[in-house]
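The block underneath contains the structure these notes are about, expressed in structure tokens.
The values are calculated or read from the model by the stated rules, or taken from the named source; none is laboratory data. Remember, predicted model here, so these are calculated numbers, not experimental data. In this analysis, Cβ positions are derived from the backbone assuming ideal geometry, glycine residues included, and neighbour counts consider all displayed protein chains. Only protein heavy atoms, including side chains, enter the accessible area calculation; ligands, DNA and RNA are left aside. Shrake-Rupley method; radii C 1.70, N 1.55, O 1.52, S 1.80 Å.
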Amino acid sequence: MKEVERAFTLLGGAAHGPSEIAAASGLHVTVVYRILQSGIPTQYFVAMPGGRYRLGPGAATIGMQAMAHTPGVEVSHPILELLSRNLDAMAQLWVISPYGHPRQVLADYVPGRYDLESLGLTASSLVTMASSLRIGPTGRVMAAHLPPPLVDMVLARDVPPEAATAVLSNHEFRASLEQIRAAGYELGIEEIAGWGTVAAPVLWGDTPYGAISVLKPTSLLTDIAAVTVQTRAAAARLSVLVAGGRLSPAG
């Protein structure tokens, strides 16, 4: 069954026929058909018109159960507080949400001596602009670890008008994802007017959980290397905790 599950993450679109799934999974089509049929009673797979199948609510329930046991703000907040204090910056945790399409949601933040209004964004515009993974370093570091079909879905969405001038072209966006995977972080300067941002991914294995970002006025972001090191370290600590691990006393 695992090969069939993985095939759904490799194929674009929601529903697929047994032959498509067989080609993506490396299994014989008759084996794929039996697996799909066996998952229908538990609604892990749902049969669609035209002999196609999609992942069903049974699969979603397993995902929700897994995510329900990852750490919450009681774990992330001390990490953000330390990062904010050490860098004299605003520290944020964004998490990825699959609702409708992959998007980012602000889950926790420590403003330091700043506040969200200092970014020049209202609560409404922050929600509208930041929900797209097309926007900002946090969106890009999460997108860098998504399966290619989900990246295609992100790029297919309309860009919020408020952010159109700060959004990379599709080609630039795809190129940035390769660079992010190699570097382990992303830098954004003046993508929010007057501000610089460093973001690093929080991962659960190879799966993106979210991103930690640090924001400072561009004029004060004078040591990008130091900010990058500490942001990556904070994201790595949260990644360990998301995966159920424990930090060393020094961590």
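In this structure, Leu238 does not satisfy being out of contact with any Phe, Trp or Tyr (no Cβ under 7 Å at 6 or more places or on another chain) and either among the polar types (S, T, N, Q) or open to solvent by 30 Å² or more (accessible area, probe 1.4 Å) (or both). Of the residues screened, Ile192 is one that is closer than 19 Å to Gly136 by Cα, assigned to a loop (DSSP other than H, G, I, E, B) and β-branched (Val, Ile, Thr). Here Val31 meets each of (1) open to solvent by 30 Å² or more (accessible area, probe 1.4 Å); (2) more than 27 Å from Ala156 (Cβ to Cβ); (3) touching a helix residue (DSSP H, G or I) at 6+ places or on another chain (Cβ under 6 Å) with one exception, condition (3). The residues on offer are Ala182, Ala175, and the sole one that is more than 27 Å from Ser76 (Cβ to Cβ) and not in a strand (DSSP E or B) is Ala175.
Identify the residue in segment 117-134 that is assigned to a helix (DSSP H, G or I) and either at pLDDT 75 or above or out of contact with any helix residue (DSSP H, G or I) (no Cβ under 8 Å at 6 or more places or on another chain) (or both) and, among all such residues, is most open to solvent (accessible area, probe 1.4 Å). So that I can check it myself, show each step before the final result.
Just the residues of segment 117-134 that are assigned to a helix (DSSP H, G or I), to begin with: 117-119, 123-130.
Among the residues that remain, those that are also either at pLDDT 75 or above or out of contact with any helix residue (DSSP H, G or I) (no Cβ under 8 Å at 6 or more places or on another chain) (or both) are: 117-119, 124, 127.
Values: Glu117: 153, Ser118: 50, Leu119: 11, Ser124: 81, Val127: 102 Å².
The selected residue is Glu117.
The helices (runs of 4 or more DSSP H) found wholly in segment 1-108 and carrying at least 2 residues that are modelled with pLDDT of 95 or more, under 25 Å from Leu247 (Cβ atoms) and among the aliphatic types (A, V, I, L, M) occupy 73-87.
For the criterion of being free of Cβ contacts under 8 Å to residues at least 60 places away in the same chain and under 25 Å from Leu82 (Cβ atoms), Gly184 passes. Candidates in segment 164-206 are the residues that are surrounded by 15 or more Cβ atoms within 10 Å (Cβ to Cβ) and of a type in the set (S, T, N, Q); of these, the one that is farthest from the chain's Cα centre (by Cα) is Thr197. Give me the pairs: first residue in segment 223-237 and on the phi < 0 side of the Ramachandran plot, second residue assigned to a helix (DSSP H, G or I) and open to solvent by 40 Å² or more (accessible area, probe 1.4 Å), beta-carbon distance under 7 Å, and six or more apart or on different chains, which are they? The qualifying pairs are Gln230/Asn86.
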